[in-house]
1. Quickly run through the range 418-452 and pick out the residues that are acidic (Asp, Glu), in contact (Cβ under 8 Å) with a residue 40 or more places away in the chain and either within 14 Å of TRP387 (Cα to Cα) or loosely packed, with under 14 Cβ neighbours inside 10 Å (or both).
2. Output yes when any residue across the range 430-447 is among the charged types (D, E, K, R), more than 25 Å from ALA341 (Cα to Cα), in contact with a strand residue (DSSP E or B) (Cβ under 8 Å, 6 or more places away or on another chain) and part of a loop (DSSP other than H, G, I, E, B), and no when none is.
3. Restricting attention to the range 319-348, which residues are at pLDDT 90 or above and under 53 Å from the mean Cα position of the chain (by Cα)?
4. Which of the residues belonging to the range 609-643 are crowded, with 18+ Cβ neighbours inside 10 Å and assigned to a loop (DSSP other than H, G, I, E, B)?
5. Residues in the range 70-88 that are outside any helix (DSSP H, G or I), out of contact with any helix residue (DSSP H, G or I) (no Cβ under 8 Å at 6 or more places or on another chain) and either in the same structural domain as GLY116 (by TED's automatic domain parsing) or free of Cβ contacts under 8 Å to residues at least 24 places away in the same chain (or both): how many?
6. Considering only residues that are in a loop (DSSP other than H, G, I, E, B) and in contact with a strand residue (DSSP E or B) (Cβ under 7 Å, 6 or more places away or on another chain), look in the range 475-499 and name the one that is farthest from TYR370 (Cα to Cα).
7. Would you call ALA361 surrounded by 19 or more Cβ atoms within 10 Å (Cβ to Cβ), of a type outside the set (Phe, Trp, Tyr), within 60 Å of the chain's Cα centre (by Cα) and in a strand (DSSP E or B)?
8. Report whether or not PHE93 is in contact with a Leu (Cβ under 9 Å, 6 or more places away or on another chain) and either small (Gly, Ala, Ser) or modelled with pLDDT under 90 (or both).
Amino acid sequence: MSQPLIRLDGLTKTYQTGELATTVLHGVSLDIDEGEFVAIMGTSGSGKSTLMHLLGCLDKPTTGRYCFAGEDIAELDRDALASLRRRTFGFIFQSYHLIPSATAMENVEVPAIYAGLSRNVRHARAEQLLTDLGLGDRLGNRPSQLSGGQQQRVSVARALMNDARVILADEPTGALDSQSGKDVLALLSELHQRGKTVVVITHDREVASHADRLIEIRDGRIVHDSGKPERPLSGSDAATGFAADDIKTERRAALADTGEAVRMALRALQANLFRTVLTLLGIVIGVASVVVMLAVGNGARQEVLDRISSLGTNLLLVRPGAPNTRRSVDGQTNTLMPADAELAAQLDNVMSAVPEMNGRATLRAGNNDYQTQITATSPELPAARDWGVASGVFLNAEDNQRYAAVAVLGHTVAENLFGDSANPLGEYVLINNVPFQVIGIMAEKGAAPWGSDQDDVVFVPLNTGSLRLIGQRHLNSITVMIDDLSQAELTQEAVRQVILQSHGGVEDFQIRNMASLLDNIAETQNTFTMLLGSIAAISLLVGGIGVMNIMLVNVTERTREIGIRMATGARTRHILQQFIVEALVVSAIGGVLGVLVGLGFAAALQALGTAIQFTPGPVLLAFGCAFATGLIFGYMPAHKAAHLDPVVALSAD
């Protein structure tokens, strides 16, 4: 004799609640051949539903042995059991167990999704099954829009989706009216005639009478078995065809495709739209904060760097006073002399050495008085400072040699003395009551990195300023313009040595490399930007915790749905993927909205005058962090969902 399709040998099932152990099945032994129509009948609490869960591999026995087609079920892991359920069993539950947020067609398609069938094949088969069951006009209806009989027919169609070899029906007529119950029983008989193995769990003897074999169970023990029919129908056809195709496609897909997982995620999130929006809000605020903070930080950094760069980066700034001190070793600051600039200008790689002598003075033009800074300097200053003349000319060597009383006005000074409309070229201004002729107006420079107005200045020849205005010989600074930046450090040391020798070996001056200063400031600004980004990232972290909370709530609320998916063949990775994808979808949508909101807010700040720098880096960083947040915080709820016990999940409220 051939081996039975199902063989149970001494099965027991004990539930442990704390220290209390309850045994539901006591040594059940049973053989069911392929093609049989079996009714397992018993009263409530007799153990018949537990027996069905064991037969359908939704649960495992405490002791005993269950073999299906000669294979010991105890040797199969969670995923192998899921694969067996998907290929072999079709469940018809008393409570229908339909996914509330899915349409009739989508509910029927669930087993085929996990079998890896293409979307078009699934649609065609689901539509055909529902049409055959009289629901061709209800394909897009959700369970709440269907009657009990219609929901049960959807459940039947789902059981047939993967052409299951074994149909397990738990009280299939218990929640139906008499006519709907007759229709379902007629359908089960038809499935039996087509070669399916049908097992009906019922407490109704009339329902059990439709079966060819009646097994009665009481208090967890089989008390009566009418025996196998003489010639059970062969179910060989049921084991081939569509199921074989399922095995092939299973090798190609873990969850049909990622697009299907995304569609299921969107449908699940849409079912609780308000809660989803609140979760999105946390991600949006976090991402927008990161985008805005980094844009502001980068903008401020670039503004400072631009201002410093406008002074020139190929410069060495020599100032009086010993290094790392505010004053020189002898307590004076008059340590730099014009001769030091002349010595520095003769060195290799030095294009020019510009001496500067500063003071304050009051200017008068007509009836206007204005106090400003006087800088006595050499003709090389415009080149060293990269600062051109807007009109007229700058000072020349002859002006310095003949102590000429000529002046070049900064934009701010010219505006305050002569207004916007007047042309000051050729006019005379009194500087400390000494008349100076205006020969040029400097181009507008703007604010310095330290905040002062660079245009609030008057330039005069070095000798003229020293003798007639400032009354000193020592310099406030020497600006050395170098040619090759790669030789900056060597040139800086050469300048140091020549001035040191001129000062008798006393280092009463200090040299600052503007390129090094730019690097230091850039590093400081980068730290500041990272600080802003870190503060904003806290908002993103809070949003991520919100994602985790919502996913934990989803798992709790959708425990039965998880059980349905497991019963229809979802593996651990399928459930894990589904909930991770849902978390990623929330994070991705929130990330996109957050980027748009952040860019819009940053643009508004820019319009109001705040320095903003838009770069792809912060945008990609913010979106990437949102995506990573969804993955990290979504994993724990997804892991919890994926490792639920199918039978426990199905019984959840």
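1. Initially, the range 418-452 is screened for residues acidic (Asp, Glu), giving 420, 427, 444.
Keeping just the survivors that are in contact (Cβ under 8 Å) with a residue 40 or more places away in the chain gives 427, 444.
Within the range 418-452, just GLU444 meets the criteria.
2. yes
3. If the condition is that a residue be at pLDDT 90 or above and under 53 Å from the mean Cα position of the chain (by Cα), then no residue fits.
4. Answer for the range 609-643, where residues must be crowded, with 18+ Cβ neighbours inside 10 Å and assigned to a loop (DSSP other than H, G, I, E, B): ILE612, GLN613.
5. If we filter the range 70-88 for residues that are outside any helix (DSSP H, G or I), which is where we start, we get 70-72, 76-77.
Filter again for out of contact with any helix residue (DSSP H, G or I) (no Cβ under 8 Å at 6 or more places or on another chain), leaving 70-72, 77.
Checking the rest, the ones that are also either in the same structural domain as GLY116 (by TED's automatic domain parsing) or free of Cβ contacts under 8 Å to residues at least 24 places away in the same chain (or both) come to 71-72, 77.
Residues flagged as outside any helix (DSSP H, G or I), out of contact with any helix residue (DSSP H, G or I) (no Cβ under 8 Å at 6 or more places or on another chain) and either in the same structural domain as GLY116 (by TED's automatic domain parsing) or free of Cβ contacts under 8 Å to residues at least 24 places away in the same chain (or both) within the range 70-88 amount to 3.
6. From the range 475-499, those in a loop (DSSP other than H, G, I, E, B) are 475-476, 483-484; that's our starting set.
Narrowing the set further to residues that are in contact with a strand residue (DSSP E or B) (Cβ under 7 Å, 6 or more places away or on another chain) leaves 475-476, 483.
Working: LEU475: 24, ASN476: 23, ASP483: 38 Å.
Among those that are in a loop (DSSP other than H, G, I, E, B) and in contact with a strand residue (DSSP E or B) (Cβ under 7 Å, 6 or more places away or on another chain), it is ASP483.
7. Values: surrounded by 19 or more Cβ atoms within 10 Å (Cβ to Cβ): yes; of a type outside the set (Phe, Trp, Tyr): yes; within 60 Å of the chain's Cα centre (by Cα): yes; in a strand (DSSP E or B): yes.
For ALA361, the condition - surrounded by 19 or more Cβ atoms within 10 Å (Cβ to Cβ), of a type outside the set (Phe, Trp, Tyr), within 60 Å of the chain's Cα centre (by Cα) and in a strand (DSSP E or B) - is met.
8. Details: in contact with a Leu (Cβ under 9 Å, 6 or more places away or on another chain): yes; either small (Gly, Ala, Ser) or modelled with pLDDT under 90 (or both): yes.
Yes: the conditions hold for PHE93.
The values are calculated or read from the model by the stated rules, or taken from the named source; none is laboratory data. It should be emphasised that the depicted structure is a prediction, and the values quoted were computed from it without experimental measurement. Virtual Cβ from ideal backbone geometry, glycine too; neighbours counted across all protein chains shown.
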